[in-house]
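The values are calculated or read from the model by the stated rules, or taken from the named source; none is laboratory data. Keep in mind that this is a model prediction, so the values were computed, not measured. So basically every Cβ, Gly included, is an ideal-geometry build from the backbone, and we count neighbours across all protein chains shown. To get the accessible areas, we keep the full protein, side chains included, count just its heavy atoms, and leave off ligands, DNA and RNA. Shrake-Rupley method; radii C 1.70, N 1.55, O 1.52, S 1.80 Å.
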Amino acid sequence: MSNTSAPNKDLPGTILAFIFIGVGCLAWWDTFDMGDSDSYVFPRAVIVTLIVCCLLLIGRNIIWGGGKNHKPLDGSAWRRIGLVLAMLGTALLMPVFGFIIVGMVLFGVLIIIAMFEPWTRKLAIAYPLIGATIVISFYLLFAVLLNVTLPTGSLFD
Amino acid sequence: MENPISYFFMSWSDPYLLLMTAAGTFAGVYVGAIPGLSVTMAVSILISFTFSWDTNEALALMVGVYMGGVYGGSRTAILLNIPCAPSAIATAIDGYPLAKRGEAGTAIGVATVMSFIGGLVGILVLAVAAPLVSEFALMFAPRDYLLLAVIGILLVGSLSGESLAKGVFAGALGVIIGMVGLDPLTAEGRFTFDSITMMGGIHYVTAMIGFFGVAEALAQLHHLETPAIKQKLERITPKWSVVKRYIPLSIRTSFIGVFIGALPGTGGDIAALMAYDHAKRSVKDPSRKFGEGAMEGLVAPESANNAAVGGAYIPMLTLGIPGDAVTAVFIGALYIHGLNPGPMLMIETPHLFWFTVGALMLANVFMLIFGLTGVRLFIKLVECPRAILVPLILILSVVGTYAIQNNVVDVYWMLGFGIFGYFLKIYGYQVGPVILGVILGPLMDVSYRRAIISTRESFGDFMLEMVTNPISALLSAALVFLVVSQTPMYKRWTNKRRSV
């Protein structure tokens, strides 16, 4: 078992810091489009702070070793990838099919992704029903009671 | 003229006003607990309903929503680690670990009672010392707001993180995210990369739901094999001995809350963080380590953010300057009802001041009642199987994000922030400073520019004023101390002193 408190080189943290130096440079480049000096002075100061902090983190990780060893990730990666894809699909399909249909499908997919215990007939009936109830309740709460428009779907317009 | 006491008790004695305040507080508690539904949004919607109402009825309802809403954010922060309002970010630091230990009932009970005490202190200061506090709050210059915002971001980084550099990095990133969109002073596009979609900017609630909600759902997938934690629900209302133990801390942090709340443009978020910092520094023997479910870490922010409600009313009622976004909407409501908010409000319509104070007090009592009831049902949320909990968090996140601007682009942003927040979380970075950066970034930006304009664009004068003006010098010293206290050298020195 790995020791969680021993210092290490914190490779992911170092990579993240390098990525954000890149992001900082990109943001700096965007400030050239700002014509008014008042618009870019503050953003540039923040970008410099970001880059300096990233350099400090990289320096600390490389020279002294930084952070703590991170526990290896439990659980399967496909579940997390599945969750992200399901959410992406929701954002893509919601304007077309509307909140209720896409919400119910999303809830169903997410139940499958997050289900760990063995499926029984009772659960197979109860969980989708709970999902449908929750989605419809949210729709009623937001769209009907609070008058917050939720997408009805361009397919049904 | 009738005496102020009769105006104070008007909402208590009139059954209709009593009902309005109760309904508003009840709605506020539950609206505040739903991601995407902010108190500002709820009060704004209510204004349109109250056009034709009597001013007192409208005020009673809105005051209730405000008081209940500020408290409501703590519930999802404790139960799901989703702070529905910026003022609940600090609550989640120790509240969620308590729920993970099966103590959500106790946590909500203590949070409710301490919110009540905070609210009470805020209202008392409003009633007794409003003009005095207001005068002092107006002495704060733009550079002081800049310093306050920087302290706020650094506080959350240093409070919960292992490294100050990581906290500053996360805060700076948040400020950059908060600056995406049109420049508030020149309307020039910043970090938009010529994309029309990005010109609208990124709403902080989108970032908050992504970083907390989606990231939490992704993190939950790591623990599918562990059963949901059974919550201990023997007692929701905390014992008097427990309340008595935390009252001194609650009162101290409430005063922090009132004062920060009284500063125009700030609010419960900075107040709660400063209170949390105060608790961490002043409590020598916490119930548990801070960040791992210390009750003191819950008491301080909850007292402060509700005390900030009374504070926010101080500049509004005495000077017509909104203390925060909600009181800005209130000012609009007063105009609609034919009143003229400003320095003359208290002279021309003193009854309005005392009526508001009375309604706030009543709403605070209702908040205590509604806060301590219905908890058992709410707590079932954390006990439900993960196959239901994860979809529930994500559906709530989608609806909440979409509801902010009725724009599906926000859902993409939320997802992006969620994935990014998940990686930050697993690699030991704090998401709190990112959110604080998104929220306080615009305040920092505008304050810096106002400050530099006030010194005729002279950076030297700007820096000089930072150390010569008493308030700025005090805040600068606090900032320097905050940074120095996070350096390894200072930590080694304090450890050595403690061991001696």
Between beta-carbons, use under 9 Å as the cut-off and find the net charge around residue B:183, counting Lys and Arg +1, Asp and Glu -1.
-3
So for chain A, using the alpha carbon gyration tensor with a ≥ b ≥ c as root eigenvalues (a/c under 1.5 gives rounded; past that, a/b versus b/c decides prolate or oblate), I'd call it oblate
For q values of 0.14, 0.24 Å⁻¹, compute log₁₀ I(q)/I(0) with the Debye formula on a Cα-only model of segment A:77-156, without solvent.
-0.53, -1.13
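Using the Cβ atoms and a cut-off under 15 Å, what net charge is assigned to the surroundings of residue B:337, where Lys and Arg are +1 and Asp and Glu are -1? Please list the in-between numbers first.
On the way: positive: none; negative: B:54, B:57, B:348.
Counting the neighbours of residue B:337, the net charge comes to -3.
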Leaving ligands, DNA and RNA out of it, rank B:497, B:376 by accessible area with a 1.4 Å probe, largest first.
B:497, B:376
Per residue and in Å³, how big is the convex hull formed by the alpha-carbon atoms of the protein assembly as shown?
173
Between residue B:241 and residue B:185, how many nm apart are label points set 7 Å from Cα along the C-beta direction?
5.8
Can you give the Rg to Rh ratio of segment A:11-64, both from alpha-carbon atoms, with Rh computed by the Kirkwood formula?
1.10
Give, as ranges by residue number, the residues of segment A:41-62 whose backbone N falls under 20 Å from the point 7 Å along Cα→Cβ of residue B:495.
A:57, A:60-62
Length-normalised contact order for chain B - Cα pairs under 8 Å, 6+ apart - percent:
28
Residues in segment B:371-393 reached by a label modelled at residue A:136 [backbone nitrogen below 15 Å; 7 Å Cα→Cβ]:
none
Rounded to a whole number, what % of the accessible area of segment A:11-64 do carbon and sulfur atoms account for, probe 1.4 Å?
79
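Got the relative contact order for chain A handy, in percent, Cα pairs under 8 Å and 6 or more residues apart? Write out the running numbers ahead of the final one.
Working: 125 pairs, mean separation 40.3, N = 157.
That works out to 26 percent.
Top to bottom by accessible area (1.4 Å), largest first, where do B:195, B:485 land? Working shown, then result.
Details: B:195 35, B:485 10 Å².
So, going from the largest accessible area down, we get B:195, B:485.
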A plus B alone minus the pair: what accessible area, both sides summed, probe 1.4 Å, in Å² to 100?
5800
How big is the accessible area of residue B:386 in square angstrom, nearest 10, if you roll a 1.4 angstrom probe over the protein chains?
40
Relative contact order of segment A:11-64, please, whole-number percent, based on alpha carbon pairs below 8 angstrom and at least 6 residues apart.
56
With θ set to phi - 60°, apply the Karplus curve 6.51 cos²θ - 1.76 cosθ + 1.60 along segment B:183-194 and write out the HN-Hα couplings as whole Hz, x wherever there is a Gly or Pro.
4, x, 9, 10, 6, 8, x, 10, 6, 9, 6, 6
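Between residue B:13 and residue B:376, what's the calculated FRET efficiency when r is the beta-carbon distance and R0 is 22 Å? Round to 0.05.
It comes to 0.10.
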Chain B: longest segment with zero exposed GluC sites (Glu not before Pro), where exposed means DSSP loop plus at most 11 other C-beta atoms within 10 Å, is residues B:235-500
Run down the aspartates and glutamates and flag those whose C-alpha is under 20 Å from the C-alpha of residue B:284, throwing out any fewer than 8 positions away in its chain.
B:94, B:162, B:292, B:296, B:302
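Hey, what's the protein assembly as shown come to in accessible area per residue, 1.4 Å probe, Å²?
Details: 26730 Å² over 657 residues.
Ligands and nucleic acids excluded, the figure is 41 Å² per residue.
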Run the simple label-point estimate for residue B:124 and residue B:471 please: 7 Å along Cα→C-beta, distance reported in nm.
2.5
Segment residue B:484-residue B:455, extension gain: residue separation times 0.36 nm, minus the distance between their alpha carbons:
7.6 nm
Rounded if a/c under 1.5, otherwise prolate or oblate - chain B, Cα gyration tensor axes:
rounded
